[in-house]
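Visitor: Structure in structure tokens, see below.
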Amino acid sequence: MKLYNTSSKKLEEFRPINEVVKVYTCGPTVYNFQHIGNYAAQIYWDLLVRALRANNYNVKRVLNLTDVGHLVSDGDEGEDKLEKGAAREGKSVWEIAEFYIEDFLRSYRALNLSEPEVIARATDYIKQDMRAVDKMTENGFTYETEDGVYYDTSKFTGYADFARLDLAGLQAGARIAFSDEKRNASDFAVWKFIKPGEKHEMRWDYLGRPGYPGWHLECSTIIHEELGEPIDIHTGGIDHIPIHHTNEIAQSFAISGRSLAKYWLHCDFITIDGQKISKSLGNVYLLDDLAERGFLAMDYKMWVLSGHYQGTRNFTFESLEAARNRRLNWRNRIAECYQKHTPDSKNHTPALENHTSDILGTYSKILEAVNHNLNSAEAFSLVDNLDLSFDDWKKVDELFGLKLIEDTPDISEELKELIREREAARAEKDFAKSDEIRDKLAFSGVAVKDTAEGSIWYYL
């Protein structure tokens, strides 16, 4: 298995640190609905976990949910996101977080994404955050200002390495009014103090003052508590590279003295009709919006996996329609597998042969494509063009989580009897009755194709 490592900027053979592969995924800030672009990342990292398990690795994955308010920018300025959501809806920040966590998990499960071993809510780790700041301070990496405790990036010699940052240029372009208490332009808050009169519902007492953790801190803390450094794989979006993940690496080194992760995987964004996803452009689509247009969550997942996680993807409803049709085609190929075998008389389901593909078998070629840096696009092309057994289809379904078999049940005995009646009518050249039965089948979502070997049914 080979993965592109952002840290080394090259494709590397995956070699786990220990018997259990430790994976961490940056999750959402739960102050609003997650749009389809947000879920694309979750789909990519679900493929990562499924691929690891398909290669017989034991995986422990942690997904964090940022239910602690943090600032709109990745830096230390701007409006608090949860406070913004609370003001928008006339609710408390706690109610906002709870509502959007439930909505995220509902959509997460609708996409049939692998359940992480740990779903970590940031508010459950506040005491651990404080201990982490204490440790960083004890190790000489922080200093206190009027508005918080800051990480001194000059104390971590490797700070600029991960994102190839130009610290000198950053310092030269710093806004003096904002950074007059900061020693370096790249320094960041690990804990923010709440000023007198400042509205901020989420607050905890630390160092004798009310405050809240810097948003980069939760990931370092959760990883430290739930997985331990170093972890095998850390995932996220490319927007996390220059600030969030760079700061995570710095914090974790200050806490543990160790590197944070061996492999870093980052996915690119999706655009919609060639434009960035933006409320001002009116192109923010939720999974529920797709459902209103007749598309299933699995259709969208099919679209996402039809491309590569490192590529910029452009979403259109035409391309989503093509993905839906592709998935339907795959389901009907599974339906053909049902019809190639004799039904079991006890339960009326196909007695399908569950042979195991050998090392050079069809499925192994598909897995090989995925093993090359999660190349689901190439794997999908192989699925399109290879002859798959039912056993292969089961493995493909497990690898991509597309619910192909679950959504493709064998048809009922009543429908099978209608097909037999239609065949008899055609044999007697009673085409009026044949057409009538065809319409009944279509009403039930089933079509019939006549072949030299007999009638083959498929889903519409």
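Visitor: What is the projected area of the convex hull of the Cα atoms of region 222-315, averaged over all directions, in nm²?
Guide: Working: hull surface 31.6 nm².
For the Cα atoms of region 222-315, the hull's average projected area reads 7.9 nm².
Visitor: Could you let me know the centre-to-centre spacing of region 373-452 and region 122-146, using Cα atoms, in angstrom?
Guide: 59 Å
Visitor: If N is the number of residues in region 1-40, what value comes out of its Cα radius of gyration divided by 2.2 N^0.38 Å?
Guide: Numbers: Rg = 14.8 Å, N = 40, 2.2 N^0.38 = 8.9 Å.
Here the Cα radius of gyration is 1.66 times the empirical estimate.
Visitor: What's the center-to-center distance, using Cα atoms, between region 284-344 and region 193-259 in Å?
Guide: 37 Å
Visitor: Using a 10 Å cut-off on Cβ atoms, rank the peptides 435-446, 319-330 from the highest mean neighbour count down.
Guide: The peptides rank, most packed first, as 319-330, 435-446.
Visitor: Please report, largest first and rounded to whole Å, the three semi-axes of the ellipsoid equivalent to the chain, where each semi-axis is the square root of five times an eigenvalue of the C-alpha gyration tensor.
Guide: In descending order, the three semi-axes are 51, 24, 18 Å.
Visitor: Rounded to the nearest 500 deg cm²/dmol, what is the calculated helix-only ellipticity per residue at 222 nm for the chain, with -39500 (n - 2.57) per DSSP H run of length n ≥ 4?
Guide: Computed mean residue ellipticity for the chain: -12500 deg cm²/dmol.
Visitor: Can you divide the C-alpha Rg of region 148-280 by 2.2 N^0.38 Å and report the result to two decimal places?
Guide: In units of the 2.2 N^0.38 Å rule of thumb, it is 1.19.
Visitor: Separate question: Just list whichever of Lys340/Lys433; Lys394/Lys449; Lys2/Lys365 have alpha carbons separated by over 23 Å in the model shown.
Guide: Over 23 Å Cα-Cα: Lys340/Lys433; Lys394/Lys449.
Visitor: Quick one: net charge around Met202, please, counting Lys, Arg +1 and Asp, Glu -1 for every other residue with C-beta under 9 Å from its C-beta.
Guide: Local charge sum for Met202: -3.
Visitor: Here is the link list: Lys60/Lys301; Lys182/Lys279; Lys84/Lys135; Lys10/Lys403; Lys279/Lys301. Which ones come out longer than 25 Å on Cα distance?
Guide: Cα-Cα > 25 Å for Lys182/Lys279; Lys84/Lys135; Lys10/Lys403; rest within.
Visitor: Which order do peptides 222-229, 27-34, 309-316 fall in by mean Cβ count within 10 Å, highest first?
Guide: Order by mean packing, descending: 27-34, 222-229, 309-316.
Visitor: Check the straight Cα-Cα distances from Lys429 and name the aspartates and glutamates below 19 Å, setting aside those fewer than 8 residues away within the same chain.
Guide: Filter leaves Glu417, Glu421, Asp439, Asp450, Glu453.
Visitor: Where does helix 246-256 land angle-wise versus the long Cα axis of the chain, in degrees 0 to 90, nearest 10?
Guide: It works out to around 70 degrees.
Visitor: Also: All other residues with a Cβ under 14 Å from the Cβ of Gly307 taken together, and with Lys, Arg as +1 and Asp, Glu as -1, what is their net charge?
Guide: +1
Visitor: Which translational diffusion coefficient, to the nearest whole µm²/s, is obtained for region 114-169 from the Stokes-Einstein equation, given a Kirkwood hydrodynamic radius over C-alpha pairs, 4 °C and 1.567 mPa s?
Guide: Result for D is 92 µm²/s.
Visitor: At a temperature of 37 °C and a viscosity of 0.692 mPa s, determine how fast region 1-117 diffuses translationally according to Stokes-Einstein, using the Kirkwood radius over alpha-carbon pairs as Rh; express D in µm²/s, rounded to the nearest whole number.
Guide: My calculation gives 203 µm²/s for D.
Visitor: Send over a whole-number figure in Å² for the accessible area per residue of region 238-303, probe 1.4 Å.
Guide: About 42 Å² of surface per residue is accessible.
The values are calculated or read from the model by the stated rules, or taken from the named source; none is laboratory data. This structure is a prediction, so every number in the text was calculated from the model and none was measured. No Cβ is skipped: glycine too gets one built from the backbone with ideal geometry, and neighbour counts run over all protein chains shown. SASA here: full protein model, heavy atoms, side chains in, ligands and nucleic acids out. Shrake-Rupley method; radii C 1.70, N 1.55, O 1.52, S 1.80 Å.
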